[in-house]
Amino acid sequence: MTDLTRRHLLQAAALLPLATACGARASDANASAAQASFALDTTRPGRRVDPGLASLSYETLELSDPTFFAADNHGLVQLFREMNPHGVLRIGGNTSDDTVWGGYKGRMPTYVPRRHGKLLQPHVLKPEGLQALAGFVRATGWKLVFGVNLRIGSPEMAVDLAQTVQRLVGDQLLAIQIGNEANNYEHDYAEFDAAWVPYAKALQAAGLPIAGPDTGANTDWVIEYAKRHAKENVFLSRHYYREAAENGSIPDMLAGDPGFFGEVEQIMQVADQYALPFRVSEGNSYYNGGRDGTSNVFASALWGADFMLALAQHGAASMHFHGGTLLSVETSLGRVAKAPEGGDIVAQRDAQASRYSAIAGSRALGYQPRPLFHGIALAQRFAGAQMLPGQLGAGGANLTAYAAKRGDEVLVALINKDAQRDVTVALSGLPHGASGELMRLRAPALDSRRDVSFAADGRASADASGTSRIALRRGSAVLASWKGRG
């Protein structure tokens, strides 16, 4: 049996209990809860969580509508600020390597369509799109990472564009990235480096900050890039998607991806060596635009919170969830956007967004958070805290746990990704006699598109030995904030 066949059989087997769990009524909750434990060690604080942990990524093509990223697009500005007042917006994606700068006065380079691509002429980025973006960045308070076109082979045009971005955005420009997933069009790292170096030299000569390599799933490229160019960069980056959308499912998404975090450890070794942050500059659950019924339902909130906190535990600075309009993402994939029609206002807004986007809607219809948004909000509560080690005994459930310390406050996140089993977790190592405020992330079912909430839900207390018991429904999460005498 091949690994792929085995994986598909496991996914199919997992779907049966998921269907049961998603259709379960409250009266079905009499199955015995799994008994789990999480023992904290508050004496050994680890890595500090970057304020920009919760960040986003959008296609360059989004700038073709100057009313989208605009200071007066108040609904979108508000959701960005609610997600994270200190986030980082990355503009790039496939369309960054299919875009020419309309403000460039030099000889326009020749555009070569991608192999098997349908785009015969490049997208043209107009000055008004950049001007509006600058206003949006100021309104949100977010930093900006901006990608320039490597594939077209014009460092001169890239410098002109990057200088315009810097002039408009000022100190909120964090970095310029050169190319997007160049592993898809350069044969190997050596070819990428040969193409990248002229751009880097020209951008640096113009006084512009750079970062990279913004590769797809090529950790070896990130490591080699760091060895060659660490001193020239402000951070290291690569992308993450678990799998192609057509192979995605809720059980697969919630199963975790330990292999990827092994690669993160490799990257962090070189990042620490050169004192550089590491950012997942683009990513989400499944590439090819996400999977309907998986990437846009409540299960994605649990996945997103778990994934972000695992990244923070390993030392990554940020996770830029890719998203945006259905039009921009489908166009980036060489497809025609086909949005479902009709429904109430919630359905109409939802139809405007790519399947994995954390925010849905339009300027005309207004904006709303997708389920993923709420999971991101949970993880972002750890910003500025130092991650703590802990021993988890999951009791046979699909349970993850994270802890951190910020001053005299101890944060604990418990994420029950199990489709079948409720869990009771015995927390130990808390401040003696501590009082905890609880917030719960929940929805009617793992495949719920609506009625998702992340909200306050009472208090808990630790006994004199620093132990407390917290119950979690199947398919839910809790954030506990503890303060006490210690």
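General remarks:
- Size of region 302-432: Rg and Dmax of its alpha carbons, in Å, are 18.5, 59.
- Helix-derived mean residue ellipticity, 222 nm - over the chain, DSSP H n ≥ 4, -39500 (n - 2.57), to 500: -9500 deg cm²/dmol
- Amide H contacts under 5 Å for Arg291, placed H, 5+ residues apart: Tyr286
- Relative contact order %, region 338-486, counting alpha carbon pairs below 8 Å whose residues are six or more apart: 22 percent
- Table column - 3J(HN,Hα) (Hz), region 251-260, Karplus curve with 6.51, -1.76, 1.60, x for Gly and Pro: x, 5, 4, 7, 6, x, 9, x, x, 5
- Sites matching trypsin sites (Lys or Arg not before Pro) across region 69-119 that sit in DSSP coil, with at most 16 neighbouring C-beta atoms within 10 Å: Lys105, Arg107, Arg114, Arg115, Lys118
- Spatial separation of Cα centroids for region 36-86 and region 400-438, in angstrom: 23 Å
- Taking the chain and dividing mean pair separation by its residue count, relative contact order in percent (alpha carbons under 8 Å, at least six apart): 19 percent
- Over region 69-142, the reciprocal of the mean inverse Cα-Cα separation, the Kirkwood hydrodynamic radius, stands at 14.3 Å.
- On Cα atoms only, tilt of 298-314 relative to the major axis of the chain in degrees: 80 degrees
- Scattering profile of region 128-181 at q = 0.14, 0.18, 0.22, 0.25 Å⁻¹ [log10 I(q)/I(0), Debye over alpha-carbon scatterers]: -0.36, -0.57, -0.81, -0.97
- Taking Cα centre as origin and charging only the Cβ of basic (Lys, Arg, +1) and acidic (Asp, Glu, -1) residues, the dipole magnitude of the chain rounds to 720 debye.
- Cα-centred dipole magnitude for region 170-234, charges only on beta-carbon of K, R (+1) and D, E (-1), debye, nearest 20: 280 debye
- For region 237-350: Kirkwood Rh in Å [reciprocal of mean 1/r, alpha carbons]: 15.5 Å
- Counting lysine pairs in the chain that sit 8 or more residues apart in sequence, or on different chains, and whose Cα atoms lie under 23 Å apart gives 9.
- The angle separating the long axis of helix 3-22 from the principal Cα axis of greatest extent in the chain is about 60 degrees.
- Assigned charges on the beta-carbon of Lys, Arg, Asp, Glu; region 30-118 dipole about Cα centre (debye): 420 debye
- Across the alpha-carbon atoms of region 171-294, the computed radius of gyration and Dmax are 15.6, 49 angstrom.
- A dipole drawn for the chain from +1 and -1 charges on Cβ atoms has a positive end, and of Gly75, Ala337, Gln273 the residue lying farthest that way is Gly75.
- Reported value for the chain: 149 Å³ per residue, from the convex hull of its C-alpha atoms.
- Whole-Hz Karplus values for region 211-221 come out as 8, x, x, 6, 7, x, 9, 9, 4, 4, 5 Hz, taken residue by residue from phi with 6.51 cos²θ - 1.76 cosθ + 1.60 and θ = phi - 60°; glycine and proline positions read x.
Rule-based calculations on the coordinates, nothing more; no lab input. Since the model is a prediction, treat every value here as computed from it, not as a measurement. Quick reminder, even Gly has a Cβ in these numbers, built from the backbone with ideal geometry, and neighbours come from all protein chains shown.
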